[in-house]
Structures are given as structure tokens and as C-alpha cells.
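Remarks on the structure that follows.
The values are calculated or read from the model by the stated rules, or taken from the named source; none is laboratory data. Everything quoted here is computed from the prediction, not taken from an experiment. Cβ: placed from backbone, ideal geometry, glycine included. Neighbour counts: every protein chain shown.
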Amino acid sequence: MPTSTSAPRRRRRPPTNPAADDAQLLAFYRQMVLVRRFEERAARAYTEARIGGYCHLNLGEEATVAGLAAALDPTDYLFATYREHGYALARGIAPERVMAELYGRTDGVSGGWGGSMHMFDADTRFMGGYGIVGGQVPLATGAALAIEYRGGGEAVVCLLGDGTTNIGAFHESLNLAALWHLPIVYVIVNNGLGMGTTVEQASAEPELHRRAAAYRMDSARVDGNDPTAVYDAVRTALAGARAGRPYLLETVSGRLKGHSVVDPAKYRSRAEAAALAAADPVAAYAVRLHGAGLLTDELIAEIDADATATVAAAADFAEHSPHPDVSTLFDHTYATPVPNDARRLPGEPLFPVPANGVPA
Amino acid sequence: MAKQQIPLTGAQQLTIGKALNLGLRRALEDDPKVLLMGEDVGRLGGVFRITDGLQKDFGEDRVLDSPLAESGIVGTAIGLAMRGYRPVCEMQFDGFSYPAFDQVTNQLAKMHYRSRGRITLPVVIRIPYGGGIGSVEHHSESPETYYAHTAGLKVVTPATPRDAYFMVQQAVRCDDPVVFLEPKARYYEKGEVDLDAPVASAEPLFASRVFRAGTDCTVVGYGPTIRVLRESADAAAEDGRSLELVDLRSLSPLDLDPVYESVRRTGRLVVVHEAPTNLGPSAEIAARVTSECFYSLEAPVQRVGGFNTPYPASKLEEHFLPDLDRVLDAVDRTFAY
């Protein structure tokens, strides 16, 4: 780790991702459609009571998901928020494992223990969704510090929502990252609303990327409805981060539904909802590729059918995966043995009375 | 303690503070993945000088001066631990650990469980705790109940230089997060430590210990109250009463088998801590002892601790903290049944 007075390190290597070519442009579309269909299927499973608890969807965020994930190297680390299903998919985790996690089943990404908000997969360096706003931000900063210690060209991408920029840990983390020249990109996914509170109602500086100025950190705002814009912006940000210049990127996109599946979003006017639907990033991107000659009506239908079949299979897989066994309730509270570990199941007496009623 | 020039070998008379300093030095020597981080731990050597000289000898990369940002410090340590490091974070005072409470309880304690054992977080949070230094709230608190109540954390506290030296090394080697509570009012107490003894020769980290045998009443304490227990036993002996003293050493997990064994012989128990008794560690201990030793008890378990108030004005703290009189009074009460 450089000390606070040392210069930023030299770039360790040039960015490895090429500019998006036609194949990549189509890949963005496939990814976006998969996320869209997956989230729609998840919402349906929720209303069917297959999924419990809280469930936050990436609907409206598909372009950001696709562009961001494609810009990462396989060895980069991604820390996500509780709105992470799409990122888990785009990072390469099998859809059936993501869906099974939503269903709380043992074949899920986190064995059914994480649910919608706490997916984690070391193989793809997907370092978790986090169920509390901003919980991941200092952790991602520490992971970047670890890269700095170990040496190597990896970087960390830390997702956060617009609301997170108002919590203390956000500022503590950006300060540390800039002070210590850490290889990290913080990405604010600005969907305009922290639950039902607008960015303008919550942030004295609503152009959130400008907050980087307080830490002399490079930053930019980009159209989160355009996967190529997000892809390019993340590549630029990662190049800086790998050279020891952490970066704050803000992507701006809409949230097509409520904060979570159970939120009817009544704070939004009918006109606002209509405008959001009209700006649907998946449809807009299809039109764009169609106009460029990359998509045909037939291909659109084929991609859609593929995605629909994939998520249907994922839901079927999840449906048939077993629930975690109650005997595992006490597992993994600690990594090391716990003397006197009682491992009492609920309802069992705290101190069982011996059969003869007389303690030893 | 910083000025104490100690040969780093053989049996030495050390303060608790110096023993912690040398224990951390050993931990840094033994494992290159061990890092110390916190506010002023480097150049200044820590607000109580526990890390004195370590940055000079191990460098700014191993002993990090971090900004004033407890949540950021602990969160960053978690990230480091996720990638294989063993960070030791210093909180300057007990009350200063509360800004990091979110990271400690929501992330540090739960990650191993949440990840089904795929992530271990060998993080030590060092917290000087307890009163008796003439300070007020934030600087004199006993937060052990908060941390011991949180599954996923282990909570230990040394009361002697020997325990300080070995327990801090054991805590660093533990693959679970450990909240390491240091009785700050006892930093200057001296005792013998064999610096040549290997860590493996020390008692287990999570074991309690009977440190004075007695026959009439069992008195349990930990950390800063161990001195009070010793004084109480000396005074009781003059009155012809023999107290058996137990140092819990670990608050999570609790090791109460030696306490049960003792209570079955003495029939009486007094639990002493500086933390408020209301829902405090003594409440749990009393419940468990009552269940385990019901037929052996001659009297209800008595508790001596802080009152159900915020930490009081410095001029009133002597009334708040358990002392010889209050402990002996509680012992007397166990004989009144």
C-alpha cells in the first residue's frame, strides 16, 4: 500500500477489454433480455409465494448490468447491493443457481441461506449482495487494499445506490481509497429514488458523481440506459483504478417497478410511470440495434425465446431443489470450535432435565 | 510503558500494556498477513501506546495509521480478511467502537454464517474498556454485553500481563472475529511473563480459570474487576471467610464448567463486572448457574456491577464501579439465607 504521501503507481497493464464490436453489441442485448425475463419470472414467483422475504429487481437497470459486467476482467472483484440478481447472472453464475437462491433452496448460490439479497460466489469473484445500504462499501475498499498488498492487476468494482452516497461509510471509504490510491471503482447506480425519496429530496448535491471532488477523485456520469456508454465508462474507470486512481462512476437509469416487489410505487405519478415505460432501455436498445442492421425481427424473437426458456428451466430447477435441513441451523456461526456449544433446536429446553428429574 | 526497556526474552516483569505491545510484536513477526490498523496506532503508537514502536519496526504497510473513521476501519479490515489478511483494529476507547457497530454486527459477525463457511474473517477488534480513569461516558464504558450477545463474535478479556501477552496472540491466530477487550485502568499493572514460552503452552483462549482456591463462596469476575476480587478475598480472609475466585477470561463463548464445579462445593456465587447488571453478563451466568446447580445453592446468586444509568460523572464513578465494599456486602448477603 502506498503511503499517503507517495505518488500513484504506474499503470500495471493496459485495459484488456477491446472496444465493443458487433458481437459485443449483440451480447449486450442477449444479456439485457435475460435479466429482463429473469426478473419478470422472479416477480411472478414472488406473487406465487415461491420466493419470500424481500426481492429487489433490476428491471430498468439491464443496460447498466450488461455494460458493466462486460467491462470487468474475470479476475476482477464485484461487490453488489441488495439489487443484485442481474449482476450475479452477468458475472456468469448459472441462472438456475440464482433462481434457486431466490427460492431459498440448497442448490442456490448461497445454499439457500442468502436469498435475494445475499448471493455470494467466490468462483466468479462475485463478492456478495448486501442487505443493508452501504454495508459493502468499506468491505470493497478493504478488498482493494488487499489487492494493493498482494500486487497484481485486479481491481474491485463496488456497486451502490444513490441513497448510499449520504451515509457516512461512503465518505469514509472514498477518502481511504483516494488516500491510499486503491484499485477500485465505485459505481453509483442512480435510479432517481431511494425507496420513495428522490435524489433531489435527499442529496444536497444531486449530481452525485461530483462528490468525488471532495477526495480529488476522478468521476463521471453516464447514461445507464446505454450499455455501450456504461461499458466504455467502466473500462475508462477501471484503467484509472488499476493505475492507482480510484474512480467514482454514476450511471443514471430508471427503476421500472417499486423499490421491491411488494412496493406499489404509489409515490410515482401515472405520467412518470408512463415516461419510464416509454424509455424502457431494453426496447430502446432493440430499436437501436435493429436500425443498425444487427437485429432482425426473427433474431429478436429467437433471443427472447432463448431467455424465456432459460428462466423457465431455472424456475423449474429451483422448484425441485431441496430446502435447507433444520439440522444445519447451527452450522457456520463460527469458523473455529465453540466450547459448550449447545446447538439447541428451537423449542428444546435450555437445560434439559434428566430423566430421573435430578441433576447430576 | 513505552519507555520500559525490556529484553525481549526470558521471564520479565511487564505491565499489561507492555505485554500487549510485545504480544502484538510477536504476532506481526509470526505471520506476514497480520496487520495493525487504527487511528494513531502508527507514528503515535496508539492513544495508550499499546502499539508503540511497531510501525517503526514493521513499516507503514503493516501498521497503518487510518483516518478517524471507525466504520471505515472495521469495514476495510473485513475486506482485507476476505482476501486472506489478519487485521487487528484498534478502537481508541470503548464508546468509540459504536460508530463501527454496524460493520461489526451486520457484517463481521455474520459473514461466515451467511457464506456457509466459505468466508472466514480472522479480524481482531481491540477495545480498551471499563472505567476508573477519571473520564466520562464514551471513554469509560463496558460494551461487552453488546458484543457477547452477537452470535458470530467471540469476546475475550485478559486481566494479567501473562494473559495479555498470550491471549492477544491467540486472538490473532483465531479464524473467527474476536472482540478483544483490554481493561484500560489496569494497563499499568505488572506481572511476570515468560517471553520464551510458545503460544501453544498457554491456556486455551476461551477457557475460564479458578485463580484462587477457596471454600465458602465463589466470586466470578473478569478484566478490570479481577483486582477487586483479589482485594476482596484478602479482606474476607481476615474475617475468616475463604473466597474462591474465577477469572472468566472469555465472555463468548462462556466457559462455566469451572464455575458450576466451584458452586457445587461452596454453594454460593457472586458475579462482579463493571457493565450494568441490567441484562448484563451476570444475568446470563446467574440463570445458567441456577439451572445447573439448583440443588447446591445455599442462596440466590448475587450480582455486583454498574447501575442502570449511562456512565456517570467522573467524580461519581467510584460509586458506580464495583469495589471491595460492594463485593464483600454481596458475599455477606449470600450468608444471610
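A few comments on the model shown:
- Boolean, B:Ile78 is within 8 Å of another protein chain (Cβ to nearest Cβ), crowded, with 20+ Cβ neighbours inside 10 Å and touching a residue at least 12 places away in the same chain (Cβ under 8 Å): yes
- Those strands (runs of 3 or more DSSP E) of segment B:153-226 in which at least 2 residues are within 19 Å of B:Arg25 (Cα to Cα), considering only elements entirely within it, cover B:178-183, B:190-194.
For (1) in a strand (DSSP E or B); (2) buried (at least 24 other Cβ atoms within 10 Å of the Cβ); (3) at pLDDT 95 or above; (4) among the aliphatic types (A, V, I, L, M), each residue gets a yes or a no:
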{"site": "B:Val74", "(1), (2), (3), (4)": "no, yes, yes, yes"}
{"site": "B:Pro87", "(1), (2), (3), (4)": "yes, yes, yes, no"}
{"site": "B:Pro99", "(1), (2), (3), (4)": "no, no, no, no"}
{"site": "B:Asn106", "(1), (2), (3), (4)": "no, no, yes, no"}
{"site": "B:Gly117", "(1), (2), (3), (4)": "no, no, no, no"}
{"site": "B:Ile133", "(1), (2), (3), (4)": "no, no, no, yes"}
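- Criterion applied to A:Arg125, A:Arg150, A:Arg91, A:Arg105 was being touching a residue at least 60 places away in the same chain (Cβ under 8 Å) and basic (Lys, Arg), and the one residue passing it is A:Arg105.
- Residue in segment B:315-332 that is assigned to a loop (DSSP other than H, G, I, E, B) and under 20 Å from B:Tyr146 (Cβ atoms) present: yes
- Number of the exception - B:Thr145 against (1) within 14 Å of chain A (Cβ to nearest Cβ); (2) in contact with a strand residue (DSSP E or B) (Cβ under 6 Å, 6 or more places away or on another chain); (3) outside any strand (DSSP E or B): (1)
Rundown of residues vs (1) crowded, with 23+ Cβ neighbours inside 10 Å; (2) out of contact with any His (no Cβ under 6 Å at 6 or more places or on another chain); (3) more than 30 Å from A:Arg36 (Cα to Cα); (4) of a type in the set (Phe, Trp, Tyr), yes/no style:
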| residue | (1), (2), (3), (4) |
| --- | --- |
| A:His181 | no, yes, yes, no |
| A:Gln201 | no, yes, no, no |
| A:Glu205 | no, yes, yes, no |
| A:His209 | yes, yes, no, no |
| A:Asp218 | no, yes, yes, no |
| A:Val222 | yes, yes, no, no |
| A:Ala239 | no, yes, no, no |
| A:Tyr247 | yes, yes, no, yes |
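- Only a single criterion out of (1) modelled with pLDDT of 90 or more; (2) in a loop (DSSP other than H, G, I, E, B) is not satisfied by A:Ala301, namely (2).
- The one condition in (1) modelled with pLDDT under 95; (2) among the charged types (D, E, K, R); (3) farther than 18 Å from B:Gly79 by Cβ that A:Arg221 fails to fulfil: (1)
- Screening segment B:292-315 for residues that are surrounded by 15 or more Cβ atoms within 10 Å (Cβ to Cβ) and polar (S, T, N, Q) and picking the one that is farthest from the chain's Cα centre (by Cα) gives B:Ser296.
- Residue that is nearest to the other protein chains (Cβ to nearest Cβ), among those in segment A:115-139 that are in contact with a helix residue (DSSP H, G or I) (Cβ under 6 Å, 6 or more places away or on another chain) and small (Gly, Ala, Ser): A:Gly135
- Matching residues, segment A:142-160, being farther than 15 Å from B:Lys33 by Cβ and either facing chain B (nearest Cβ under 8 Å) or touching a Phe, Trp or Tyr at 6+ places or on another chain (Cβ under 9 Å) (or both): A:Ala144, A:Glu154, A:Ala155, A:Val156, A:Val157, A:Cys158, A:Leu159, A:Leu160
- Single match in A:Asp223, A:Asp218 (criterion: touching a Gly at 6+ places or on another chain (Cβ under 9 Å) and either over 20 Å from A:Asp73 (Cα atoms) or among the hydrophobic types (A, V, I, L, M, F, W, C) (or both)): A:Asp218
- Any hit, segment B:96-116, residues being closer than 26 Å to A:Met127 by Cβ and more than 14 Å from chain A (Cβ to nearest Cβ): yes
Residue-wise test of (1) in a loop (DSSP other than H, G, I, E, B); (2) away from every other protein chain (no Cβ under 14 Å); (3) in contact with a helix residue (DSSP H, G or I) (Cβ under 9 Å, 6 or more places away or on another chain); (4) within 23 Å of A:Val189 (Cβ to Cβ).
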position: A:Val261; (1), (2), (3), (4): yes, yes, yes, yes
position: A:Ala273; (1), (2), (3), (4): no, yes, no, yes
position: A:Val282; (1), (2), (3), (4): no, yes, yes, yes
position: A:Ala286; (1), (2), (3), (4): no, yes, yes, yes
position: A:Thr308; (1), (2), (3), (4): no, yes, yes, no
position: A:Thr336; (1), (2), (3), (4): yes, no, no, no
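- Scope segment A:17-52; condition loosely packed, with under 15 Cβ neighbours inside 10 Å and not charged (D, E, K, R); matching residues: A:Pro18, A:Ala19, A:Ala23, A:Thr47, A:Ala49, A:Gly52
- Residues being within 14 Å of chain A (Cβ to nearest Cβ) and closer than 19 Å to B:Glu274 by Cα - total across segment B:155-193: 3
- Among the residues of segment A:183-199, those that are buried (at least 20 other Cβ atoms within 10 Å of the Cβ) and assigned to a loop (DSSP other than H, G, I, E, B) comprise A:Pro183, A:Asn191.
- Residues of segment B:168-192 that are buried (at least 24 other Cβ atoms within 10 Å of the Cβ) and either modelled with pLDDT under 95 or under 16 Å from B:Gly130 (Cβ atoms) (or both): B:Val179, B:Phe180, B:Leu181, B:Glu182, B:Pro183, B:Lys184.
- The residues of segment B:231-249 that are surrounded by fewer than 18 Cβ atoms within 10 Å (Cβ to Cβ) and either among the polar types (S, T, N, Q) or within 25 Å of B:Glu182 (Cα to Cα) (or both), listed by number, are B:Glu231, B:Asp234, B:Ser242.
- Tabulated pairs, segment A:240-258, first part of a loop (DSSP other than H, G, I, E, B), second among the small types (Gly, Ala, Ser), C-beta under 6 angstrom, 6+ apart or interchain: A:Pro246/A:Ala177; A:Pro246/A:Ala178; A:Ser253/A:Gly60; A:Ser253/A:Gly224; A:Gly254/A:Gly60; A:Arg255/A:Gly60; A:Leu256/A:Gly60; A:Gly258/A:Ala265
- Residues being among the β-branched types (Val, Ile, Thr), over 27 Å from A:Gly152 (Cβ atoms) and in contact with a helix residue (DSSP H, G or I) (Cβ under 7 Å, 6 or more places away or on another chain) - total across segment A:65-106: 1
- Looking only at residues in segment B:250-275 that are part of a strand (DSSP E or B), away from chain A (no Cβ under 12 Å) and in contact (Cβ under 8 Å) with a residue 60 or more places away in the chain, the one that is surrounded by the most Cβ atoms within 10 Å (Cβ to Cβ) is B:Leu269.
- Verdict on B:Ile125 being within 25 Å of B:Phe48 (Cα to Cα), surrounded by fewer than 24 Cβ atoms within 10 Å (Cβ to Cβ) and more than 10 Å from every other protein chain (Cβ to nearest Cβ): no
- Of all residues in segment B:102-124, at least one satisfies being without any contact (Cβ under 8 Å) to a residue 60 or more places away in the chain and in contact with an Asp or Glu (Cβ under 6 Å, 6 or more places away or on another chain).
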